[in-house]
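The values are calculated or read from the model by the stated rules, or taken from the named source; none is laboratory data. This is a predicted model, so every value here is computed, not measured. Positions of Cβ are backbone-derived with ideal geometry, glycine not excepted, and every protein chain shown enters the neighbour counts.
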Amino acid sequence: MKENISRTLKSSDTEEFIDIYFYRKLGFLLARASAMVGITPNAITIVSIFWGVVAGHLMMYTNLGLNIAGILSLIVANTLDSADGQLARMTNNKTRLGRILDGLAGNIWFVSIYIHIGIRMQASGYGWWIWIVGAVTGLCHVFQAAIADYYRNGHLFFLKGEGGSEFDNSISMQNLYNKLSWKDDFFYKLFMASYVNYTKEQEIFTKNLGYLISLVRSKWPNELPLWLQNGFRHENKPLMKYTNILSFNTRAIALFIAVLINMPLLYWLFELTVLNFILVYMVYKQQRVSKKYIVKIQELNPSIDQ
């Protein structure tokens, strides 16, 4: 059982404790059952969207029972989110559309949550300004999750190479988008439009990592040298705990506590302060790690532009 589960994980470097011992175990069972009856990863992702939207709605009320139901609904949504990726790796059915849908699903969950707890706060007496706070917090949330995902896939690139990573850049995605036809590929092109913007958002604060990977791809297109692979992994691995904090579990725990004590504004304040501080620190540290290896590669290859 453990060996089978391990083959459906991205890597031990990037997995979080709660994921390994809860979501991945449940996700594995769902993935295995889905594989047996022919359910696709994208179908599971779509179902997760439903549960995430329901979770947001149930958090709108001040009723404790409904709030608990909302929390359980979000746990179901995230379990399904885990299962779709595990199923994709289990059946070797990984697609870019699946990656786009997966990211879109998480955004839809939290749009629902933000709107509904905003309604809850306004009904409790907060003024119109609460929507400005919600909008700013939502924008921060988007950057936090996007950059964490970018760094995680960058780490996986050095750990497992192209096949084990989902690292994309905006230029290649824009080129792919341009090749698609609105007539023949309407829905895929529509999703790709969103994904191109997503990759551009990721690259705003991550230029060193993007440039480093472009250098590595041009210099070693088939296999990374061990000194680079092991060195980058050793120095970058400590930052993976921050990518996990900025992903789901930590923010979900903060959300659950804030909703249960009927102080949802605390959740937004947590995102605006604690999570933004972690984001800035993570970006600063990762930029330094990437810069170090850019310099090393340039020293080995003086013809590369400084």
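A few remarks follow.
- Single condition Arg251 does not satisfy, out of (1) buried (at least 19 other Cβ atoms within 10 Å of the Cβ); (2) closer than 20 Å to Asp168 by Cα; (3) charged (D, E, K, R): (2)
- The residues of the range 62-94 include none that are in contact with a Gly (Cβ under 8 Å, 6 or more places away or on another chain) and part of a loop (DSSP other than H, G, I, E, B).
- None of Gln174, Gln122 is without any contact (Cβ under 8 Å) to a residue 24 or more places away in the chain, closer than 16 Å to Glu203 by Cβ and in contact with a helix residue (DSSP H, G or I) (Cβ under 8 Å, 6 or more places away or on another chain) except Gln174.
- Test: residue in the range 156-175 that is within 27 Å of Ile261 (Cβ to Cβ) and surrounded by 17 or more Cβ atoms within 10 Å (Cβ to Cβ): no
- Single residue of Asn236, Asn230 found to be free of Cβ contacts under 8 Å to residues at least 40 places away in the same chain and either in the same structural domain as Arg152 (by TED's automatic domain parsing) or not in a helix (DSSP H, G or I) (or both): Asn230
- Boolean, Asn197 is closer than 17 Å to Ile147 by Cβ and in contact with a helix residue (DSSP H, G or I) (Cβ under 8 Å, 6 or more places away or on another chain): no
- Taking the listed residues Leu104, Leu139, Leu97, Leu159, the one that is modelled with pLDDT under 95, of a type outside the set (Phe, Trp, Tyr), closer than 27 Å to Ala193 by Cα and assigned by TED's automatic domain parsing to the domain that holds Leu260 is Leu139, with no other qualifying.
- Criterion violated by Ile132 - all others in (1) farther than 18 Å from Leu255 by Cα; (2) surrounded by 19 or more Cβ atoms within 10 Å (Cβ to Cβ); (3) at pLDDT 95 or above satisfied: (2)
- Identity of the residue in the range 80-113, farther than 29 Å from Met60 by Cβ and of a type in the set (S, T, N, Q), that ends up surrounded by the fewest Cβ atoms within 10 Å (Cβ to Cβ): Asn92
Here is a yes/no grid of residues against (1) within 20 Å of Gly118 (Cα to Cα); (2) among the small types (Gly, Ala, Ser); (3) crowded, with 20+ Cβ neighbours inside 10 Å:
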position	(1), (2), (3)
Leu30	no, no, no
Ser34	no, yes, yes
Ile44	no, no, yes
Trp51	yes, no, yes
Ala69	yes, yes, no
Ala77	no, yes, yes
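- Identity of the residue in the range 162-191, polar (S, T, N, Q) and outside any helix (DSSP H, G or I), that ends up modelled with the highest pLDDT: Ser181
- Within the range 192-210, the set of residues being surrounded by fewer than 17 Cβ atoms within 10 Å (Cβ to Cβ), in a helix (DSSP H, G or I) and not charged (D, E, K, R) comprises Ala193, Ser194, Asn197.
- Restricting attention to the range 285-306, the residues that are surrounded by fewer than 13 Cβ atoms within 10 Å (Cβ to Cβ) and modelled with pLDDT of 95 or more total 1.
- Checking each residue in the range 114-137 for being more than 14 Å from Leu266 (Cα to Cα) and part of a helix (DSSP H, G or I) picks out Ile115, His116, Ile119, Gln122, Ala123, Trp129, Trp131, Ile132, Ala135, Val136.
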